[in-house]
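To keep things clear, I will list the structure first and then write my remarks on it.
Every number here is computed from the coordinates shown, using simple stated rules; none is lab data. Just so it is clear, the model here is predicted, and its values are computed rather than measured. Positions of Cβ are generated from backbone atoms using ideal geometry, with glycine treated the same way; all protein chains shown enter the neighbour counts.
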Amino acid sequence: MSQQKASTTAVRAGINTDQHHGAVVAPIHLSSTYSLKGFNQKRDFDYSRTGNPTRSTLANAIAELEGGEVGIVTGTGMAAVHLICQLLSVGDKIVIPHDCYGGSYRLFVHLAKRGQFDVIVVDQSDEKALTEALAQAPKLVLIETPSNPLLRIVDIAAIAKQSKAVGALVAVDNTFLSPLLQQPLSLGADIVFHSTTKYINGHSDVVGGVLVTKGKALGEELAWWANCIGITGPAFDSYLALRGLKTLPLRMDAHQENANEVAAFLDSHPAIEVVYYPGLTSHPQHELAKRQQKDFGAMLSFELKGGVEAVKVLFDNLKLFTLAQSLGGAESLISHPSTMTHAGMDLAAQEAAGIKQNLVRLSVGIEDVQDIIADLSQGLAASQIEPA
């Protein structure tokens, strides 16, 4: 394992590795197939679904950043989640958080309905509920921290220790923080995964995913399945994500600095009922976040006074923020979790997770923070004007 700093690893991934022409930047290998040296003499790559040089460069770079053994790049973030499901058989149990990303929730619940495995949905911050869930001997425990969209924090090390005691594997969604702000494998997780669509790529022009395992054997098993079911990512998207990775350290610093100021602004705004951001000392898991993370990230959410009608007015009056799905791009985005990112959860599940109709989620971009705050200020002011 390299001892160089994470920012150096991110920048240097694939640099000066071209053995043919001396290209400084790693080339894009678009070939679908590769010649054999001779009868039954395969090279390192033979078919791009199985392995691709550009994709491997990205996978290895993220594996190094996460401190893992094997990286697997997939076509989407949800493909990475689906890949994890290949570890489960009929009768196996998986424990998932009640407030996880809506797409993940939808996948697990619907595969369970088809009998592929059993799913246990639990508030992982509730020690009693989690203990009861683990007593059912699950094969896999999935953790999402910070959670999407309420930015709840759970103790990865503690849950991993409890899970290992009952023989369960632990997988952690690290999308919100990137490998630069949190390393779940060092805290006891077996698998860490990301939607590379978000911070790793960082420019809202790629859809992709990645999964990293702590152990080699588990990684090889999952790589076999990735090839078998055909969910590995394309070379060009891998190239773009690799390019985005080079600026990840700089972007995360800018995102983080802006998010801290935006959170402080919202926390004192009269139109806001509550702000969910681990960087605020009022956040119930603020101290845990300080211990577990290198910083607090650039995602936050808040509940707006005036209900869903006020939310609609806010959205209609913003000029800088874009109303759109996704997160982690250079631009600031705003969304309504109930009808967008978590529409895959029925209303009862949303309510159980604490997702209200007046909840708004922000992905704070890297624009000038004064412009970001000015846009929010005028939008919030409009949202609180009583209709004539």
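One table, with the values for the structure above:
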| quantity | calculated |
| --- | --- |
| Principal-axis tilt of helix 102-113 within the chain, Cα atoms, nearest 10 degrees | 70 degrees |
| Orientation-averaged projected area, Cα convex hull of the chain (nm²) | 20.4 nm² |
| Antiparallel %, DSSP beta bridges [both residues in the stretch 6-246], to 5 | 45 percent |
| With eigenvalues of the C-alpha gyration tensor scaled by 5 and rooted, the stretch 249-383, Å | 21, 19, 15 |
| Using alpha-carbon coordinates, inclination of helix 53-66 to the longest axis of the chain, degrees | 60 degrees |
| FRET efficiency, 1/(1 + (r/R0)^6) with R0 22 Å, evaluated for Ala165 and Lys216 via beta carbons | 0.40 |
| For the chain, built as a Gaussian network whose Cα springs stay under 10 Å, the top-fluctuating residue of Met340, Met78, Met252 | Met340 |
| Sorted by Cβ neighbour density within 10 Å, fewest at the top, the residues Arg243, Arg291 | Arg291, Arg243 |
| Charge dipole of the stretch 6-246 about the Cα centre (unit charges at C-beta), most positive-ward option of Gly233, Gly209, His82 | Gly233 |
| The stretch 104-209 - charge dipole about Cα centre, Lys and Arg +1 at Cβ, Asp and Glu -1, debye rounded to 20 | 220 debye |
| Nearest-20 debye value, the stretch 1-145 charge dipole, Cβ charges on Lys, Arg, Asp, Glu | 640 debye |
| For the stretch 331-388: rounded, prolate or oblate by the Cα gyration tensor [a/c cutoff 1.5] | oblate |
| Mean separation of Cα contacts under 8 Å, 6 or more apart, over the residue count of the chain: relative contact order % | 18 percent |
| Ile28 paired with Phe236, simple spin-label distance in nm, labels 7 Å along Cα-to-beta-carbon | 0.6 nm |
| Distance from the stretch 79-144 to the stretch 1-59 (C-alpha centre basis), Å | 34 Å |
| On Cα atoms only, tilt of 369-383 relative to the major axis of the chain in degrees | 50 degrees |
| The chain, dipole about Cα centre (Lys/Arg Cβ +1, Asp/Glu Cβ -1), debye to the nearest 20 | 1260 debye |
| Most positive-pole-ward Cα, Val192, Ile28, Ser338, against dipole of the chain from beta carbon charges | Ile28 |
| Highest-fluctuation residue, His21, His283, His342 considered, GNM on the chain with Cα pairs under 10 Å | His21 |
